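Dropping a structure here in structure tokens format, bear with me for questions.
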């Protein structure tokens, strides 16, 4: 493959642009994180307090007061809390990324008009900022698991390919929707509605075992269902993921990455006129 052929590959074009502007991306992520709490008295303490509060609420309300049980885990007092937090925290990363990617070009319209930089930097900033938020709350979740004596051990390494798949899927879908939203503003509103339904149609705050047999087959068509189940099984049962169940999601990821990159690069020049 010669230089001209390489330069025409959408993925390599964007990777080269991100590498060239990596300083801009990293400084923007740091500025966004510090700016979020700049005017507050306690500063970055809130970046820990907010997710910690969420974990405590889920643990106390769902794990103790409501005391729901999972099949085969009736003797584990925090079983449902572990199950619930594993899904909610990882879904939170997906939801935050997709919602922000959906509007990233519109929200940064003035910056796009006034500054000359690769526009792909904006989705990269969103992704890294979401990962920082996820890293904080996930670290607290790991502390919680250690305290209750439910540390997953070496199977925690399986989190890496799961997160990589989730990030790539969200990035491909988000870039496609974000670009489309510049030209068709209803896309943003529609995506927000779909995200709400998508959350409740994914077994996160309930188990798929409580659904009727026919409904289970329908819910299994949700591409994120096996991913959420892999997270939940990893942290609750310390079980390695069934990667074969993730093949449909991997295929969709490749499709959306290709579609998103191609659609973005073919319309990026027209964005300024639409913003």
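Which residues, counting only those in the stretch 196-209, are within 18 Å of the chain's Cα centre (by Cα) and assigned to a helix (DSSP H, G or I)?
196, 197, 198, 199, 200
Here is a further query. Under 6 Å between Cβ atoms, at least 6 apart or on separate chains: pull out the pairs that start in the stretch 10-33 with a residue that is more than 18 Å from residue 104 (Cα to Cα) and end on any residue that is assigned to a helix (DSSP H, G or I).
The qualifying pairs are 10/261; 10/262; 10/265; 11/261; 12/6.
Can you tell which of 158, 124, 164 is within 30 Å of residue 230 (Cα to Cα) and out of contact with any helix residue (DSSP H, G or I) (no Cβ under 8 Å at 6 or more places or on another chain)?
164
I've got another one for you. Mind checking which residues of the stretch 210-251 are closer than 18 Å to residue 163 by Cβ and in a loop (DSSP other than H, G, I, E, B)?
If the condition is that a residue be closer than 18 Å to residue 163 by Cβ and in a loop (DSSP other than H, G, I, E, B), then 223, 224, 238, 239, 240, 241, 242 are the ones that fit.
Output the number of residues of the stretch 34-55 satisfying the condition of being at pLDDT below 75 and assigned to a helix (DSSP H, G or I).
Number satisfying all stated conditions: 12.
Something else about it: In the stretch 1-33, which residues are surrounded by fewer than 12 Cβ atoms within 10 Å (Cβ to Cβ), at pLDDT below 85 and within 16 Å of residue 129 (Cα to Cα)?
none
Listed here are the residues, each with its yes/no results for (1) at pLDDT 95 or above; (2) within 22 Å of residue 199 (Cβ to Cβ); (3) surrounded by 19 or more Cβ atoms within 10 Å (Cβ to Cβ).
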residue	(1), (2), (3)
236	no, yes, yes
245	no, yes, no
254	yes, no, no
275	no, no, no
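Give the number of residues within the stretch 252-275 that are assigned to a helix (DSSP H, G or I) and either closer than 18 Å to residue 113 by Cβ or touching a strand residue (DSSP E or B) at 6+ places or on another chain (Cβ under 7 Å) (or both).
Selection size over the stretch 252-275: 9.
The values are calculated or read from the model by the stated rules, or taken from the named source; none is laboratory data. Fair warning: this is a prediction, and the values are worked out from it, not measured in the lab. Cβ: placed from backbone, ideal geometry, glycine included. Neighbour counts: every protein chain shown.
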